[in-house]
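Undergrad: Once you've had a glance at the structure underneath, I'll fire off some questions.
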Amino acid sequence: MSDHIRIADRYREARESGRPMVGAHRGNSSEFPENTLAAFRSALDLGVDVVECDVHPSSDGALVVIHDPTLDRTTDGSGLVLHHTLEELRALDAGQGERVPLLSELGELVRDRVGLCIEIKQLPVPYADIEQRLVDAIRKLDLIEQTCVISFDHRSVARVGEIEPRLQTGILLASRPVDPLSLMRAAGAEIYSPQWASMDPDLIRMIHASGGVVGTWTVNDAAAIAWCRHARPDSIFTDRPREVLAELRD
């Protein structure tokens, strides 16, 4: 692992400085096909701090970068990702002639440049041992300290932390729970990742007081940006990194 990128350190710096990191949600997905190398390259060129992606396994065990468990929305294929070999997946058009990337390709692209945030998908299609396979892949890439792993399935988050305690992990939430800290403790997570409208300054102060950090999603319009300026999360994930970076640099 390079000494230059440690995502946990960058989150701490954001928390201490009050200047949020900007994360590219599925790359620069407003201008290029989501979760493709073109989208990720564009995000890097724009100067984001983190890129976020989603992973699913192929039928022969490869980890590929794609959001949905099915191919229909984002490629010219159809059916479950899990029912296709890597060779079959690589033959598909993921938009504008782009191919479905391997996680290893994205890892090499971001190495020593920005943080990498990987979301594990477990619903509605559960993947046995996806946590071990993902940790093995990150170890093979030597990107443990550059990477964080997040999921709406908090059991997966806990499992990743058990397998590889050096990985920073986070829990995703679409609504405001009664006791956010208990959920973080149960999952062993350092990152609390809410939908932007379900956070407020009090929540963020509470997470900070516990030693955690807050990464919010998906911030795509003026109202969301304004709320983030008020609430002050530690990272802001967006489909529109060009606009968000310009707003935050004003």
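Undergrad: What is the spin-label model distance, in nm, from LYS140 to GLN195 if the labels are put 7 Å beyond Cα along the C-beta direction?
TA: 3.6 nm
Undergrad: Okay, moving on. When only C-alpha pairs under 8 Å and at least 6 residues apart count, what is the relative contact order of the stretch 24-165, in percent?
TA: Averaging sequence separation for qualifying contacts and normalising by length gives 21 percent for the stretch 24-165.
Undergrad: Something else about it: Computing the accessible area with a 1.4 Å probe over protein heavy atoms, can you report the carbon and sulfur percentage for the chain?
TA: Exposed carbon and sulfur together represent 49 percent of the surface.
Undergrad: Report Rg(Cα)/(2.2 N^0.38 Å) for the stretch 1-140, keeping two decimals.
TA: Numbers: Rg = 15.2 Å, N = 140, 2.2 N^0.38 = 14.4 Å.
Rounded to two decimals, the normalised Rg is 1.06.
Undergrad: Can you tell me the FRET efficiency between ARG90 and ASP45 if r is taken as the Cβ-Cβ distance and R0 is 35 Å, rounded to the nearest 0.05?
TA: Between ARG90 and ASP45 the formula returns 0.90.
Undergrad: Ok, one more. Antiparallel DSSP bridges in the stretch 1-151: what percent, to the nearest 5?
TA: 30 percent
Undergrad: Kirkwood Rh, the chain, all Cα pairs: how many Å?
TA: 18.0 Å
Undergrad: Here's a follow-up. Go ahead and estimate [θ] at 222 nm for the chain from helices alone: -39,500 (n - 2.57) per DSSP H run with n ≥ 4, summed, over the residue count, rounded to 500.
TA: Computed mean residue ellipticity for the chain: -10500 deg cm²/dmol.
Undergrad: Top mean-square fluctuation among ILE118, ILE138, ILE163, Gaussian network model of the chain, C-alpha springs under 10 Å?
TA: ILE163
Undergrad: If you don't mind, there's one more thing I want to ask. Measuring from centroid to centroid over Cα atoms, what is the spacing of the stretch 138-216 and the stretch 1-77 in Å?
TA: 17 Å
Undergrad: OK, next. Give me the accessible area per residue for the stretch 1-159, probe 1.4 Å, as a whole number in Å².
TA: 41 Å²
Undergrad: Show the residues, 5+ positions off or on another chain, whose built amide H is closer than 5 Å to the amide H of ILE150.
TA: Residues meeting the criterion, in which the H sits 1.01 Å from N, are ILE118, GLU119, ILE120, GLY170.
Undergrad: Give, rounded to the nearest 20 debye, the magnitude of the charge dipole that the stretch 1-152 has about its Cα centre when Lys and Arg contribute +1 at Cβ and Asp and Glu contribute -1 at Cβ.
TA: About 340 debye.
Undergrad: So what are the stretch 152-208's ellipsoid semi-axes, whole angstrom, largest first, if each one is the square root of 5 times an eigenvalue of the alpha-carbon gyration tensor? Provide the component values of the computation, followed by the final result.
TA: On the way: eigenvalues 84, 24, 17 Å².
Sorted largest first and rounded, they come to 21, 11, 9 Å.
Undergrad: With a cut-off of 8 Å between alpha carbons and a minimum separation of six or more residues, what is the relative contact order of the chain in percent?
TA: Computed over the chain, the figure is 21 percent.
The values are calculated or read from the model by the stated rules, or taken from the named source; none is laboratory data. Quantities reported herein were computed from a predicted structural model and do not represent experimental measurements. Cβ atoms come from the backbone with ideal geometry, glycine included; neighbour counts cover every protein chain shown. The area values use the complete protein model at the heavy-atom level, side chains included, leaving out ligands, DNA and RNA. Shrake-Rupley method; radii C 1.70, N 1.55, O 1.52, S 1.80 Å.
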